[in-house]
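Written out below as structure tokens is the structure these notes cover.
The values are calculated or read from the model by the stated rules, or taken from the named source; none is laboratory data. Remember, it's a predicted structure, so these values are computed and weren't measured experimentally. All Cβ positions, glycine included, derive from the backbone under ideal geometry; neighbour counts span all protein chains shown.
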Amino acid sequence: MSRVNRLIYALAISFLALGPLTAAAAPIPSPGLDTVLVAPPSGYTELTSTSFHGSFTAHDYAVASDEAQATEIEKTLNHDGFVDGYGKTWIDKASSRAMVEAVIAFTGGRGAKDWLTAAEAGDKSDPTYVRADTITGVNPYYGGHFKYSSSNTVGDVFSFVKGNDVFIVGVVSTKDDVLSLATTQTKTQFDQAPGQTIPSSQWPENASKTVAGSFPLLAVGIIGALIVVAVVAVLALTMRRRGGMTPAMVAAPGAMGSPPAGGVQMSTDGKYWWDGQNWRDAATETPPSAQRSSDGALWWDGQNWRTVPHAGPPQQPQQEWPPTS
């Protein structure tokens, strides 16, 4: 859904004292990030087919957030001291809800807080942002209530810093009924998260004196890269109940990656195409970007010719079709 209507990125200036960290000097978080996310309530099943299942790099996050500005986002993450990221997604079929959690380790607390500030600015500029969510006993943090009109889903998301780590907890539903769950899960995550995963004595701001400088920081928003996974998972649940979507579509490849050559992203069963916001029925709608036969009666899905709905009886394509790779 244009990475959930694509985040509107605003440019801001932040005066930072940290410089980018070389890969050779990158510390290893301890405890490992794969051990610090809390389990969801009973009834939730983990998804392993999403783009953010398990570890992810700064590059992974940047590309999934916004391909057009991926280079700048990745530079910002690295400048803030990105070390590693880890995420998980769960679904509750009974309630048509999805939950996503992620943790991003930075080299120090200052970098983590700078990233939280950038994420808050980006999310608040997103057109799906409705209002702030509040929580007690967690600091520093921000929370947001989001409404995705194109998919009739609602999400509540919290992000906070603890030590050198940024945590993200989001819940998405077809009903406006997940704020309490998101709040409880976030509080549990905050209470159980380690105080730090890199010793504070090794944080750049504590280890040595640095020379202050300026660095252009993008307002990057968290939902573009992560919460879209939960939104699509909820859509998969509701559409499967109507017999309209297969489990292979849960990860929504078109929502998290580049479309294939020709501009048409098809589901693995070939029944749907991705328009950047929703799955469309290939039997009733034709992708605007699809190549067509010379008589306009057929369109090319990347592997097969399909009849254009209401286009009349198809004719055999001319010799030059299908297009060669």
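Computed values, structure above
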read-out: Residue in segment 80-96 that is in a helix (DSSP H, G or I), modelled with pLDDT under 95 and in contact with a Lys or Arg (Cβ under 9 Å, 6 or more places away or on another chain) present; value: yes
read-out: Scope segment 34-61; condition among the aliphatic types (A, V, I, L, M), at pLDDT 95 or above and either under 18 Å from the mean Cα position of the chain (by Cα) or surrounded by fewer than 18 Cβ atoms within 10 Å (Cβ to Cβ) (or both); matching residues; value: L37, V38, A39
read-out: Pair list, Cβ under 6 Å, 6 or more apart: segment 292-305 residue in the same structural domain as W274 (by TED's automatic domain parsing), other residue among the charged types (D, E, K, R); value: W299/R292; W299/R306
read-out: Residue, nearest to the chain's Cα centre (by Cα), within segment 106-134, restricted to residues that are farther than 15 Å from G221 by Cα and not in a loop (DSSP other than H, G, I, E, B); value: F106
read-out: Residue among G144, G137 that is assigned by TED's automatic domain parsing to the domain that holds S30, farther than 16 Å from D80 by Cβ and assigned to a strand (DSSP E or B); value: G144
read-out: Residues that are in a loop (DSSP other than H, G, I, E, B) and of a type in the set (D, E), drawn from segment 151-182; value: D176, D177
read-out: Hits in segment 62-79 (condition: modelled with pLDDT under 90 and of a type in the set (S, T, N, Q)); value: S65, Q69, T71, T76
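For (1) at pLDDT 75 or above; (2) more than 30 Å from I227 (Cα to Cα); (3) of a type outside the set (D, E, K, R); (4) in contact with a helix residue (DSSP H, G or I) (Cβ under 8 Å, 6 or more places away or on another chain), each residue gets a yes or a no:
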{"site": "A290", "(1), (2), (3), (4)": "yes, no, yes, no"}
{"site": "W300", "(1), (2), (3), (4)": "yes, yes, yes, no"}
{"site": "W305", "(1), (2), (3), (4)": "yes, yes, yes, no"}
{"site": "H310", "(1), (2), (3), (4)": "no, yes, yes, no"}
{"site": "P314", "(1), (2), (3), (4)": "no, yes, yes, no"}
